[in-house]
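*Asks:* The structure under discussion is supplied below as structure tokens; questions concerning it will follow.
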Amino acid sequence: MKRDKLGDLLLTTPMLQLLKKLYPKSKLAVVAPESSAWILKNVPFIDQLYSYPQLKSFNLKSIASIFIQLLIFLKIRIEHYDIAIAAGGEYSPRAIKRLLWIKAKRTISFVPKNKPIKEITDPVIAPSDKNKGPHESQRMIKLLDPIIKSKKQINQPNIYFKPSEDWLTKAQLFLTNHQLKKEQYIVFGLGARREKKQASKEQIIETAIYAYKKHKLKTILVWTPGSKNNRNYPGDDEIAYDILKNAPKEIIPLRAPLGLTIGVIWFAKKSIFPDSGLMHFASASPGGVIGLFAETKVSPHPKQWGPLGLKSNYIEAKKSIKELGVSFLHEEINRL
């Protein structure tokens, strides 16, 4: 069982790969909401993908979604799974409730210290958040302790995602239209709901000018379409258009659906993203990502939520990314 956020599901892929490696003859299934389940479509290390609609509001459509969910979970029950795991990095009563619907012989979940939950047959004590770690991917691998027989040290697999050929074809067409080739550009992303993690207009423009002047790398600016005032899906149109109003020729805008955006990320020399789902997609790409984090005493910490991948790292600001000045990414660009 997995939660709905895109980045969360991507960070489950190391655990899933490890499970399949340890138990290659077992049937491995994943249950996730439709909004994120597509990430695991046709991956080689799971055998079954169950996806269910989420309830956004109470209306006729939501009533239909309830019935669909019930049918899906009844179908899962009929399979009589041996083990069910609530794959999240912390204790979640909501996840446990859904986990128990599966009626597996054994159930594994994080539980609070000194608070047993009788329905959970194999409880794992939830990690303390005092040290802001371990990483979310490692937390979920910790959930495998009750079923791992070997005492040998386990090598954690990398995060896994492969864009569809259609997405890559569309990305190639976009690049051709702008006279660009693979690895001739960097991607700079907006899309942070928390402004403190987002680079300023001046930082983005200066980075683009520097990358082109020093390394002949253009910058593709990507952002979440829509207004910041949209309650359900806030976008970044306002700040993006403000940047583009006086943008130099080195910046190419890309206001596009998720598929095309991910395809363009896949061919980039490097991507730069605030802590977000797109940051984790970029961390799985060949070029990797530089993740932007800020005020981690109260916000998600990179020790738990930082980007994975051999070519990925992060920058952490005390209060806001904007406080780092206009040249804070120059060193990272030079490493390319």
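The values are calculated or read from the model by the stated rules, or taken from the named source; none is laboratory data. What you see is a predicted model; the values in this text were computed from it and never measured. All Cβ positions, even for glycine, are placed from backbone atoms using ideal geometry, and neighbour counts span all protein chains on display. Just the protein is used for accessible areas: all its heavy atoms, side chains included, with ligands, DNA and RNA removed. Shrake-Rupley method; radii C 1.70, N 1.55, O 1.52, S 1.80 Å.
*Asks:* Tally the residues that are in a helix (DSSP H, G or I), over 9 Å from Y210 (Cβ atoms) and open to solvent by less than 60 Å² (accessible area, probe 1.4 Å), restricting the search to segment 325-336.
*Replies:* Adding up the residues that qualify gives 1.
*Asks:* Could you list all residues from segment 114-134 that are closer than 27 Å to K297 by Cβ and surrounded by fewer than 10 Cβ atoms within 10 Å (Cβ to Cβ)?
*Replies:* Selection gives N114, S128, K130.
*Asks:* For segment 192-217, give me each residue that is charged (D, E, K, R) and open to solvent by less than 60 Å² (accessible area, probe 1.4 Å).
*Replies:* Correct list: K196, K197, K201.
*Asks:* Return only the number of the condition from (1) open to solvent by 20 Å² or more (accessible area, probe 1.4 Å); (2) touching a residue at least 60 places away in the same chain (Cβ under 8 Å); (3) more than 22 Å from Q156 (Cβ to Cβ) that G277 does not satisfy.
*Replies:* All conditions are met except number (3).
Yes/no per residue for (1) within 24 Å of the chain's Cα centre (by Cα); (2) assigned to a helix (DSSP H, G or I); (3) not hydrophobic (A, V, I, L, M, F, W, C):
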site	(1), (2), (3)
S65	no, yes, yes
I72	no, yes, no
A84	yes, no, no
G88	yes, no, yes
K115	no, no, yes
K118	no, no, yes
S128	yes, no, yes
P134	yes, no, yes
Q138	yes, yes, yes
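*Asks:* In segment 137-196, what residues are of a type in the set (D, E) and within 23 Å of S36 (Cα to Cα)?
*Replies:* Matches in segment 137-196: E165, D166.
*Asks:* A104 versus (1) open to solvent by less than 10 Å² (accessible area, probe 1.4 Å); (2) part of a loop (DSSP other than H, G, I, E, B); (3) touching a Phe, Trp or Tyr at 6+ places or on another chain (Cβ under 6 Å): which is the lone unmet condition?
*Replies:* Of the numbered conditions (1) open to solvent by less than 10 Å² (accessible area, probe 1.4 Å); (2) part of a loop (DSSP other than H, G, I, E, B); (3) touching a Phe, Trp or Tyr at 6+ places or on another chain (Cβ under 6 Å), the odd one out for A104 is (1).
*Asks:* It is to be established whether one or more residues within segment 243-253 are more than 29 Å from K319 (Cα to Cα), over 19 Å from the mean Cα position of the chain (by Cα), modelled with pLDDT under 95 and not acidic (D, E).
*Replies:* Yes, that holds for at least one residue.
*Asks:* Can we say A294 is buried (at least 19 other Cβ atoms within 10 Å of the Cβ), modelled with pLDDT of 95 or more, aliphatic (A, V, I, L, M) and farther than 15 Å from A199 by Cβ?
*Replies:* Values: buried (at least 19 other Cβ atoms within 10 Å of the Cβ): yes; modelled with pLDDT of 95 or more: yes; aliphatic (A, V, I, L, M): yes; farther than 15 Å from A199 by Cβ: no.
No; evaluated as a whole, the condition is false for this residue.
*Asks:* Tell me the residue from I68, I96 that is over 30 Å from K132 (Cβ atoms) and either surrounded by 15 or more Cβ atoms within 10 Å (Cβ to Cβ) or not charged (D, E, K, R) (or both), please. Spell out the reasoning first.
*Replies:* Numbers: I96 fails: over 30 Å from K132 (Cβ atoms).
Within the list I68, I96, the selection yields I68.
*Asks:* Moving on. Using beta carbons and a limit of 6 Å, which pairs, at least six apart or on different chains, have the first residue in segment 17-36 and among the charged types (D, E, K, R) and the second one assigned to a loop (DSSP other than H, G, I, E, B)?
*Replies:* Correct list of pairs: K20/L28; K20/F45; K27/D47; E34/P53.
*Asks:* Return yes when F110 is open to solvent by less than 80 Å² (accessible area, probe 1.4 Å), part of a loop (DSSP other than H, G, I, E, B), in contact (Cβ under 8 Å) with a residue 24 or more places away in the chain and hydrophobic (A, V, I, L, M, F, W, C) and no when it is not.
*Replies:* Considered against the rule, which asks whether it is open to solvent by less than 80 Å² (accessible area, probe 1.4 Å), part of a loop (DSSP other than H, G, I, E, B), in contact (Cβ under 8 Å) with a residue 24 or more places away in the chain and hydrophobic (A, V, I, L, M, F, W, C), F110 comes out as no.
*Asks:* Still on this structure, I have one more. State all residues of segment 222-245 that are surrounded by 21 or more Cβ atoms within 10 Å (Cβ to Cβ) and either closer than 18 Å to L180 by Cβ or touching a Cys at 6+ places or on another chain (Cβ under 7 Å) (or both); if no residue qualifies, say none.
*Replies:* Once the filter is applied, which keeps residues that are surrounded by 21 or more Cβ atoms within 10 Å (Cβ to Cβ) and either closer than 18 Å to L180 by Cβ or touching a Cys at 6+ places or on another chain (Cβ under 7 Å) (or both), segment 222-245 yields only V222.
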